[in-house]
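Colleague: Sharing a structure with you now.
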Amino acid sequence: LLGVNRQNLINDRFRRFVAKEDLKNWDRHFISVLRSVDKQTSDLQLIKKDGSRFYARVESMRIDREKKDPVIRIAISDVTDNKRAEEQLRYDALILGEVDDAIITTKNDDCFTITNWNPGAEKVYGWKKEEVLGRGRVILDNEYPGRDRKEVLLKILKTGVYEGEVVQSRKDGTRIVIDSRLIARRDKIGKITDWIAI
């Protein structure tokens, strides 16, 4: 699963295979295992030797040993397909306009080409869907209050997530403040394919 030979795993830290955004979840999982004799289960993104990612279900149990330190046994299952299916269901619900929030999806290309624009986005920004599909997301002219735009974009591309205020343009040119959440969608090898902005 990790793409590393057994001899190279011995005495290594499992934590280094955990995706940065899931390190806190792993730390909580590990502490829970140390404190309990019950099996602990968490879903984490793990990183293979080649840098690709997969969703893993990690089941861990502490094994106490007489006159020795306890050991922890961990079973790892690849649940990527299940996670992708769950993400697709959530994505489809958003695309079908089942929420009142503005939902925008873009390709992960040079200009972040808009691929979907739900009814909520029409109300917030004033553009009709047919006016924006195929155009670059630059029409919204994002600014990040109190933050350097270049630094924010680099961080977004690295982590695949952004949560916070964004100043954007409406069709009539007025500037509005949006409490935004941006989420990357990835393919099976972990490459970002497109973005969902809520």
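The values are calculated or read from the model by the stated rules, or taken from the named source; none is laboratory data. Since the model is a prediction, treat every value here as computed from it, not as a measurement. Here the Cβ positions follow ideal geometry from the backbone for every residue, glycine too, while neighbour counts run over all protein chains shown. Just the protein is used for accessible areas: all its heavy atoms, side chains included, with ligands, DNA and RNA removed. Shrake-Rupley method; radii C 1.70, N 1.55, O 1.52, S 1.80 Å.
Colleague: So, of the residues in the range 178-189 that are within 17 Å of residue 103 (Cα to Cα) and in contact (Cβ under 8 Å) with a residue 40 or more places away in the chain, which turns out to be most open to solvent (accessible area, probe 1.4 Å)?
Modeller: Only one residue tops the list, namely 185.
Colleague: How many residues are at pLDDT 90 or above and either closer than 22 Å to residue 87 by Cβ or touching a helix residue (DSSP H, G or I) at 6+ places or on another chain (Cβ under 6 Å) (or both) when one looks only at the range 16-51?
Modeller: Selection size over the range 16-51: 20.
Colleague: Okay, moving on. Which condition does residue 192 not pass, out of (1) at pLDDT 85 or above; (2) surrounded by 12 or more Cβ atoms within 10 Å (Cβ to Cβ); (3) out of contact with any Leu (no Cβ under 8 Å at 6 or more places or on another chain), if it passes all the others?
Modeller: That leaves (3) as the condition not met.
Colleague: Right, something else. Counting only residues that are free of Cβ contacts under 8 Å to residues at least 40 places away in the same chain and open to solvent by less than 20 Å² (accessible area, probe 1.4 Å), which one in the range 33-65 is farthest from the chain's Cα centre (by Cα)?
Modeller: 33
Colleague: Residues of the range 156-177 being open to solvent by 30 Å² or more (accessible area, probe 1.4 Å), at pLDDT below 90 and hydrophobic (A, V, I, L, M, F, W, C), which ones?
Modeller: 157, 161
Colleague: Could you please find all residues in the range 1-32 being open to solvent by 50 Å² or more (accessible area, probe 1.4 Å) and closer than 18 Å to residue 190 by Cβ?
Modeller: 1, 3, 16, 20, 21, 25
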